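Right, one structure below, let's go through it.
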Amino acid sequence: MRVAVVDGLSSGRELTRELIAQGAECVHVLSSPTLSTYYLSTFQPADYVVDLGYDEDRTVTAQRLLALGVEHIVAGTESGVRVADELNHLTGLPGNDYALSGARHHKHRMAAALQAAGVDAPRSGTATSVAGAVAWYRGSGLADVVVKPAASATTDRVRVCRNAEEVERAAAGIVGTPNVFGQLDDEVVVQEFLAGREFSVNTITVNGVHQIVESWVYTKTRTADGAPIFDFEEPADLNAPDTHAVHEYVGRALTALGIRTGAGHSEIMLTDRGPLLIDPGARLGGGVLPWVATKFIGHSHAALAATSILEPQQVLRLTGEIPRPWTSPIRYVSLINRADGVVKSLGWLRRLESLPTALAVTTRLEPGDPLPRTTDLISSPGYIYLSAQTPEELRTDYETIRRWEDDGLYAS
């Protein structure tokens, strides 16, 4: 089978590798001519039999894909979701509900679609100006809110705000400025602040049937100006009632958003009033090493996404078998750099690898690279998986990492 991948970047690279490993040929489509270097640097052209690049005329691209014998079109990463939807619509190939495409990448439309389907969602407003964002906040009666781009990824310019001045400052950093994909944002979302435990849930959908692949619980910290920073995450307890409630909610949310096929990555806040979707993703989750999941639970999100395209019945046969518990305690730790600097060497990488529980460390940094203070996922030096026989061993090495970071680990 020939599969077109729109933006085979970041997590899309892992999806393409799995498709090839399972016998597919891949064709590449670029969603935009202005994607950021951060994403473009992950592109591997040798993985594709044809690279169509970018064409602003989607009809021409759709015709070329059909002429190449493409039978399936999928988004590799968040930047490709809208274009994949449009190309599936133009070609008539199987995809998600085109009428709800906007709800799968626009955070305010997401909430509206959920509420229209009777699924609880965060209260939110949208504005195309700083003044409009402030006006919505003042009229909302909310004390704390989250200001974020209407369409982006990671924690790109997300801010927790507690007054109109903070909302104004956060909105000014979004409207008319490039997002993480290098595209100008013309809209800002102001959303009620939700307190609770944050889950990420990875799913695969085949013919409208949703399967949970894995679930994680996030722990985040916050900068002085309200920017959330990923700290660490651990697999959710699959036997816990809270996890069951989150999984049931995710299934209803995916249906409400018109997801009929493919991978999903949903970020859910479990609040006093129940689970609430704060960020949808009709694609794989990013920033992971698929082999780690395969080692501990027997499969990865990327591998099952590829299988759902090539052999969908195999995924349906997993009903009742997934999700599976991890066979050992594991912690995914996001690396946090405390101060601006320059990478002098990769000696810090070897220090992290020497930790007793270190399983794998990933970074894009090279000696001589600028080393910004971590304010979001993009400015993190990388991440490390820790694995051990006991949670106490994980905590010990995690605390060691944070002490080393306080002492300037990455600039040493």
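When the residues of segment 50-59 are narrowed to those that are in a loop (DSSP other than H, G, I, E, B) and either in contact (Cβ under 8 Å) with a residue 60 or more places away in the chain or not aromatic (Phe, Trp, Tyr) (or both), which ends up surrounded by the most Cβ atoms within 10 Å (Cβ to Cβ)?
LEU52
Results for (1) more than 21 Å from ARG157 (Cβ to Cβ); (2) surrounded by fewer than 21 Cβ atoms within 10 Å (Cβ to Cβ), shown as yes or no for each residue.
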{"residue": "GLY176", "(1), (2)": "no, yes"}
{"residue": "VAL188", "(1), (2)": "no, no"}
{"residue": "ASN207", "(1), (2)": "yes, yes"}
{"residue": "GLN211", "(1), (2)": "yes, no"}
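Does segment 226-235 contain at least one residue that is outside any strand (DSSP E or B), surrounded by fewer than 24 Cβ atoms within 10 Å (Cβ to Cβ) and outside the structural domain of ASN88 (by TED's automatic domain parsing)?
Yes; the residues of segment 226-235 include at least one that is outside any strand (DSSP E or B), surrounded by fewer than 24 Cβ atoms within 10 Å (Cβ to Cβ) and outside the structural domain of ASN88 (by TED's automatic domain parsing).
From the list PRO323, PRO290, PRO329, which one is surrounded by fewer than 23 Cβ atoms within 10 Å (Cβ to Cβ), closer than 20 Å to ALA388 by Cβ and modelled with pLDDT of 95 or more?
Answer to the check: PRO329.
For segment 60-82, indicate whether the set of residues that are of a type in the set (Ser, Thr, Tyr) and touching a residue at least 60 places away in the same chain (Cβ under 8 Å) is non-empty.
yes
Please verify whether ASP279 is of a type in the set (D, E, K, R), out of contact with any Phe, Trp or Tyr (no Cβ under 7 Å at 6 or more places or on another chain) and surrounded by fewer than 18 Cβ atoms within 10 Å (Cβ to Cβ), treating the condition exactly as stated.
no
Residue check: is ALA99 surrounded by fewer than 16 Cβ atoms within 10 Å (Cβ to Cβ) and at pLDDT below 95?
For ALA99, the condition - surrounded by fewer than 16 Cβ atoms within 10 Å (Cβ to Cβ) and at pLDDT below 95 - is not met.
Considering only residues that are in a helix (DSSP H, G or I) and touching a strand residue (DSSP E or B) at 6+ places or on another chain (Cβ under 7 Å), which ones fall in segment 92-109?
LYS107, HIS108
Do we have LEU270 as of a type in the set (A, V, I, L, M, F, W, C), assigned to a strand (DSSP E or B) and at pLDDT 95 or above here?
Judged against the criteria, LEU270 is a match.
Just checking, does segment 385-397 include any residue being under 26 Å from ARG159 (Cβ atoms) and outside the structural domain of LEU289 (by TED's automatic domain parsing)?
Among the residues of segment 385-397, not one is under 26 Å from ARG159 (Cβ atoms) and outside the structural domain of LEU289 (by TED's automatic domain parsing), which makes the answer no.
From the residues in segment 199-248 that are among the aromatic types (Phe, Trp, Tyr) and more than 17 Å from HIS301 (Cα to Cα), which one is farthest from the chain's Cα centre (by Cα)?
Out of the qualifying residues, it is PHE232.
Give segment 363-394 a look and list any residue that's touching a residue at least 60 places away in the same chain (Cβ under 8 Å) and among the basic types (Lys, Arg), or say none.
Correct list: ARG364 only.
Would a scan of segment 64-73 turn up a residue that is part of a helix (DSSP H, G or I), in contact with a strand residue (DSSP E or B) (Cβ under 7 Å, 6 or more places away or on another chain) and of a type in the set (A, V, I, L, M, F, W, C)?
Within segment 64-73 (the criterion being part of a helix (DSSP H, G or I), in contact with a strand residue (DSSP E or B) (Cβ under 7 Å, 6 or more places away or on another chain) and of a type in the set (A, V, I, L, M, F, W, C)), the answer is yes, since at least one residue qualifies.
Just checking, does segment 25-38 include any residue being among the small types (Gly, Ala, Ser), assigned to a loop (DSSP other than H, G, I, E, B) and exposed (fewer than 13 other Cβ atoms within 10 Å of the Cβ)?
Within segment 25-38 (the criterion being among the small types (Gly, Ala, Ser), assigned to a loop (DSSP other than H, G, I, E, B) and exposed (fewer than 13 other Cβ atoms within 10 Å of the Cβ)), the answer is no, since none of the residues qualifies.
Looking at GLY139, GLY118, which one is among the small types (Gly, Ala, Ser) and more than 15 Å from ALA256 (Cα to Cα)?
GLY139
Would you mind finding the one in LEU65, LEU52, LEU15, LEU35 that is in contact with a Gly (Cβ under 9 Å, 6 or more places away or on another chain), among the aliphatic types (A, V, I, L, M), modelled with pLDDT of 95 or more and on the phi < 0 side of the Ramachandran plot?
None of the others qualify; the one that does is LEU15.
The values are calculated or read from the model by the stated rules, or taken from the named source; none is laboratory data. Predicted model, so just to flag it, every value in this text is computed and none were measured. Glycine gets a Cβ as well: all are built from the backbone with ideal geometry, and neighbour counts include every protein chain shown.
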